[in-house]
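Since the structure comes first, as structure tokens, the remarks are kept for the end.
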Amino acid sequence: DGVRYPDKTFNEAFFQPLFAGQSFGLGQLSPLTVLKMSDRVSRVSGFRKLTARDAQEVYRATMDPNRSLHYMAAVLRDAIDAYKSVAGVDISKNPGLTATLYNLGDPWSRASQYRRRRAAGTSRWPHENYYGWLVNARIDVLRSLL
């Protein structure tokens, strides 16, 4: 639309430059992640859609546990959907694997890489990192807390 923006990352240009690349709150979400999940959260929870023009509301959604839990769930669902859609595998029954993807981010790219490795015969099933391993190792304790 002819609008010129600074040559910076999205977070630096639209949010607190001091905190660009940082994550916040219970889910350690970045404002960009919250914005990316806004449509899904709005559709499921009924919260209004967020926009980068209202940074205060984006930060509120990021920091308020009553709202950020919805965005955390959307990130997990997005990872499950990525692997189902791109790689043709259902990871929904493996909390450690979904925790790993939450921890690492970029599930669509990771699912694509996994699909290529599997097609080449170099990978049979996605695996957990240390974070996901810990979740799976302590799943009974975690479930008892819910």
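Restricting the search to region 99-141, which residues are open to solvent by 90 Å² or more (accessible area, probe 1.4 Å) and modelled with pLDDT under 90?
Thr122, Arg124, Trp125, His127
Quick check on Gly88: is it farther than 21 Å from Ser30 by Cβ, open to solvent by less than 70 Å² (accessible area, probe 1.4 Å) and out of contact with any strand residue (DSSP E or B) (no Cβ under 9 Å at 6 or more places or on another chain)?
Yes; evaluated as a whole, the condition is true for this residue.
Does Asp140 meet the test of being more than 16 Å from the chain's Cα centre (by Cα) and in a helix (DSSP H, G or I)?
Considered against the rule, which asks whether it is more than 16 Å from the chain's Cα centre (by Cα) and in a helix (DSSP H, G or I), Asp140 comes out as yes.
Need the failing condition index for Val58 against (1) surrounded by 21 or more Cβ atoms within 10 Å (Cβ to Cβ); (2) more than 16 Å from the chain's Cα centre (by Cα), just the number.
(2)
Among the helices (runs of 4 or more DSSP H) lying completely within region 1-98, list those that include at least 2 residues that are modelled with pLDDT of 95 or more.
Working: elements: 10-14, 31-45, 55-63, 65-82.
Once the helices (runs of 4 or more DSSP H) in region 1-98 are filtered for at least 2 residues that are modelled with pLDDT of 95 or more, what remains is 31-45, 65-82.
The values are calculated or read from the model by the stated rules, or taken from the named source; none is laboratory data. Just so you know, these numbers come straight off a predicted model, no measurement behind them. Cβ atoms come from the backbone with ideal geometry, glycine included; neighbour counts cover every protein chain shown. Keep in mind that these areas ignore ligands, DNA and RNA; they rest on the heavy atoms of the full protein, side chains included. Shrake-Rupley method; radii C 1.70, N 1.55, O 1.52, S 1.80 Å.
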